[in-house]
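Read-outs: derived from the displayed coordinates by stated rules, not from any lab. For clarity, every value in this text was computed on a predicted model and none was experimentally measured. A quick note on method: Cβ atoms are made from the backbone with ideal geometry, for glycine too, and the neighbour counts reach across all protein chains shown.
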Amino acid sequence: MKSFEHMSPTSVQEAVKMLSVGNARVIAGGTDLLGIMKDGLLPTDRVVDLKAIPGLDKIREESGELRIGALARIGDLASSALVQQKAPALAAAAFAVASPQIRNAGTLGGNLAQKVRCWYYRDADRADCYKRNGSYCYAIFGQSELHALFDGAACFAVTPSDTAIALSALAARIVVAGPKGEREVGVDDFFIGPAVDYMREVALAADEIIVDVRIPSTWSAQPSVFLKAAPRKAIDFARGSVGAAVIGSPVIQKARISLGAVAPTPKRATASEAFLEGKRLDAATIAKAAELATEGAKPLANNAYKIRLTQGLVRQALTRLAS
Ligand SMILES: Cc1cc2nc3c(=O)[nH]c(=O)nc-3n(C[C@H](O)[C@H](O)[C@H](O)COP(=O)(O)OP(=O)(O)OC[C@H]3O[C@@H](n4cnc5c(N)ncnc54)[C@H](O)[C@@H]3O)c2cc1C
Ligand code: SF4
């Protein structure tokens, strides 16, 4: 690995200043960044380690919201009684991440900001992929089993984060700190697709840090679920996933459904959400909402299986919410 400088700020402001220099990157648990650096995927001269900043790992209820610091470990989210009670979809998504070792080191901020897992991007020999500043997408004519059904442009890599899908269903907001102070961004705007910028997955400037994730009381008090399909129970990234939350019983007033592993960002199933409003979750309604979830999908050569997989996950998720 190329040598780099390691900085250990003790405040967010100090960290932001350290990030303004050259190829500096935030490091939290290091479970993604260190692999990226070893493989030379992102030039890095300096890592700014957030772990010495006090208070960034707190999970608490404040102003009626569930608030989670960016340094909260994924394992702590999965086992937190507060998260299980207020945001069951997020606790389930955290539990579905990787393995106990990675959940014990990896943090919520890192899970949201991790780079894509496209097998071409991560292959040292494919330096000319668009996402590595090149001029080619291997997935378009290559092996596309893991790639996007929706919203692919130059790049078809899907968002790898399980927690992002649950947070999208829960209408979370991300608090970001930068040189001008803090700003809040809705989770669906935090993830950016390749049509906006295929080099970045999230709306973070180089000198910005995720400090907090907030789930509003409107959604945190409601039933929610997260389901994931992957070849193995541990270590595997999702081939499909769904986060779903509803307000109203037995008649649905509002629903939020977010799909994972089918788009470069969490993909809201807006046609299903609109269809569910004012309806009871009976078998016919659930079946129709599941079918609508993949409306507009445009499969590549090898990923059409994700359509039925995703519909099945939505059906299961809504069936659970109905019971
Ligand atoms: C074998 C394996 C299996 C995996 N399986 C899954 C899975 O099934 N589901 C899943 O969701 N994930 C999975 N992951 C990804 C894993 O969850 C992430 O590596 C982890 O969540 C990253 O957290 P971290 O704290 O270690 O981040 P780091 O590695 O420290 O950072 C990751 C990225 O986020 C940035 N970053 C970190 N914190 C912040 C912050 N506060 N503000 C701004 N930027 C920040 C870093 O600069 C870096 O670019 C897997 C990883 C591995 C290695
Ligand atoms: S899908 Fe994206 S990351 Fe993968 S080869 Fe194409 S441009 Fe590169």
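Miscellaneous remarks
- Remark: the LEU42-ASP197 segment gains 54.2 nm on full extension, using 0.36 nm per residue and subtracting the alpha carbon distance.
- Inter-probe distance in nm under a simple model that places probes 7 Å from Cα toward Cβ, at ALA205 and ALA284: 5.5 nm
- Maximal additional length on extending the ARG320-LYS17 stretch stands at 104.4 nm, based on 0.36 nm per residue less the C-alpha distance.
- The length gained by stretching the chain between ASP125 and SER217 to full extension, at 0.36 nm per residue less their Cα-Cα distance, is 28.4 nm.
- Its Cα centre serving as origin, the chain has a Cβ charge dipole (Lys and Arg +1, Asp and Glu -1) of approximately 680 debye.
- Considering only SER161, GLN253, LEU149, and ranking their Cα positions along the charge dipole of region 148-254 that arises from unit charges at the beta-carbon of Lys, Arg, Asp and Glu, the one farthest toward the positive end is GLN253.
- The listed peptides 19-31, 261-273, ordered by packing as a protection proxy, come out as 261-273, 19-31 (highest mean of other Cβ atoms within 10 Å first).
- Quotient of C-alpha Rg and 2.2 N^0.38 Å, computed over the chain: 0.97
- The simple spin-label model puts a point 7 Å past each Cα toward its Cβ; for ALA81 and THR270 those points are separated by 4.1 nm.
- Amide H partners (placed H, <5 Å) of LYS254, local residues excluded: ILE247
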